[in-house]
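Undergrad: Quick one: structure below, then a few questions.
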């Protein structure tokens, strides 16, 4: 009996114990299963070894900055999401709330501090002069009276202006463009950060680099945040820790190569440098075609509506259609694209995807041009067609859809094809907001190889083939329509 009571007592104690511990264990389990908060990092992946695209393998963005960001966020318990865009758009993306922070080899200059907040520097670099091997410039004074290049918006651009009486300071969007300018003789030398200069000279044996006497950049490379960001102090704590425990030194050994002699190709044209990159570039064909199709359909639908407004005889609709056409034909397409991409989240809070922003911008712009083309096609249809339809009692909507519009579209088919061809070619503009189309992928390959001609020629050939296919299909359709007359 006593054993029975003892057994019951133990069981009751276990039940109470589990009743007390269970909720605690459940809370911990829920905490463990709770997803990490995601932070979006903006970067321009054309600055190896700090950030570049592993185009030959996974297609992921890799580099010193990427590893640094992953380690910092892992330490703080956040999840990293990377947003690719041009360097010139990074500050705008921060201010528009499209990204939470920026890491892209960015120096914390006084001018930038007026727009964004910076962390403590995580890397200090030295400036160097890159030039042709036969001209080994070692000081800024040696560049006096010469044309000097630097990346637009970089700290090196300021250093370039310190050259005594330069003939010109050529500012280019991308570092690979500087290599092309040196090789073509348009600039005598370029001011580049040391680790990038090593990659440039390794890939181009005809180039040499020389460190400038200054020890390091004034402020070093730092992480940029929107004004008043709560993450600055958290990041600074981890950055200080990584400086102390040698984490940054380990990353430097991993990512910063040693200068090599004759590591790259010195041929004027060498398509072997594209080995392994062609499949990556070809993936951009699908993006380009999808974007073109969406833009063309949107432009055709909106253009048809606008053309009907213009011939409706209703003053408000006519004024709206005329004003719309005037605005979209009178402003640059690139301005419309960047406005939609950056202003939409700032004004509405909706983080519009880059591809959707591109489709809208090109579709709205195309509609303005097509509205005039479609209106002309409608006006070209014989008036007897409309009079006959009215005499037969056919409703206006059915008459336009079934009788007038088919004839108008057949008349303007060549103009529609020309618009589609223009959309395919102009789609290269979407690369400025990070859409991975053909041109964007070519830029990434240029950044990786520091050679421009081969990648650009391949992309030009792909665009040409796409246009040939489109025009051939249009001719087949036109012949079929003529046989149906």
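Taken together, the values in this text are just the output of simple stated rules run on the coordinates, not laboratory data. Quick caveat, the model's predicted, so the values are computed rather than measured. Every residue, glycine among them, receives a Cβ derived from its backbone with ideal geometry; neighbour counts consider all protein chains shown.
Undergrad: Go through (i) 50, 40, 22; (ii) 49, 22, 17; (iii) 32, 25, 24 and flag the label whose value is the computed semi-axes √(5λ) of the Cα gyration tensor in Å for this structure.
TA: (i)
Undergrad: Per DSSP H run of at least 4 residues, take -39500 (n - 2.57); add these up for the chain, divide by its residues and hand me the 222 nm value, nearest 500 deg cm²/dmol.
TA: -18500 deg cm²/dmol
Undergrad: If neighbour count is taken as other Cβ atoms inside 10 Å, put 319, 255 in order from fewest to most. Provide the component values of the computation, followed by the final result.
TA: Working: 319 11, 255 18.
Fewest-to-most Cβ neighbours within 10 Å comes out as 319, 255.
Undergrad: Calculate, in nm to one decimal, what residue 75 and residue 254 gain on full extension: separation in residues at 0.36 nm each, minus their alpha carbon distance.
TA: Working: separation 179, 0.36 × 179 = 64.44 nm, distance 1.98 nm.
Extra length available between residue 75 and residue 254 comes to 62.5 nm.
Undergrad: Can I ask one more? So between residue 88 and residue 347, what do we pick up on full extension, going 0.36 nm a residue minus the alpha carbon distance? Intermediate values should be presented prior to the final figure.
TA: Working: separation 259, 0.36 × 259 = 93.24 nm, distance 2.08 nm.
Answer, rounded to one decimal: 91.2 nm.
Undergrad: Let me ask you something else. Classify the range 278-483 as rounded, prolate or oblate, taking a ≥ b ≥ c as the square roots of the eigenvalues of its Cα gyration tensor: rounded when a/c is under 1.5, otherwise prolate if a/b is larger than b/c and oblate if not. Numbers along the way, then the final one.
TA: Working: a/c = 3.15, a/b = 1.63, b/c = 1.93.
Judged from the Cα gyration tensor, the range 278-483 comes out oblate (a/c at least 1.5, b/c at or above a/b).
Undergrad: Using a basic spin-label model with each label point 7 Å from the Cα along Cα→Cβ, how many nm lie between residue 453 and residue 477?
TA: Using points 7 Å along Cα→Cβ, the separation is 3.9 nm.
Undergrad: Would you kindly state how much longer the chain becomes between residue 422 and residue 243 on full extension, computed as 0.36 nm times their sequence separation minus their alpha carbon distance, in nm to one decimal?
TA: On the way: separation 179, 0.36 × 179 = 64.44 nm, distance 5.18 nm.
Contour length minus the Cα-Cα distance gives 59.3 nm.
Undergrad: Given a Förster distance of 41 Å, report the FRET efficiency between residue 135 and residue 113 from their Cβ-Cβ distance, rounded to the nearest 0.05. Write out the running numbers ahead of the final one.
TA: Values: r = 36 Å, r/R0 = 0.89.
Calculated value: 0.65.
Undergrad: If you average the sequence gap of Cα pairs under 8 Å that are 6 or more apart and divide by the length of the range 390-485, what percent do you get for the contact order?
TA: Numbers: 34 pairs, mean separation 27.3, N = 96.
Result for the range 390-485 is 28 percent.
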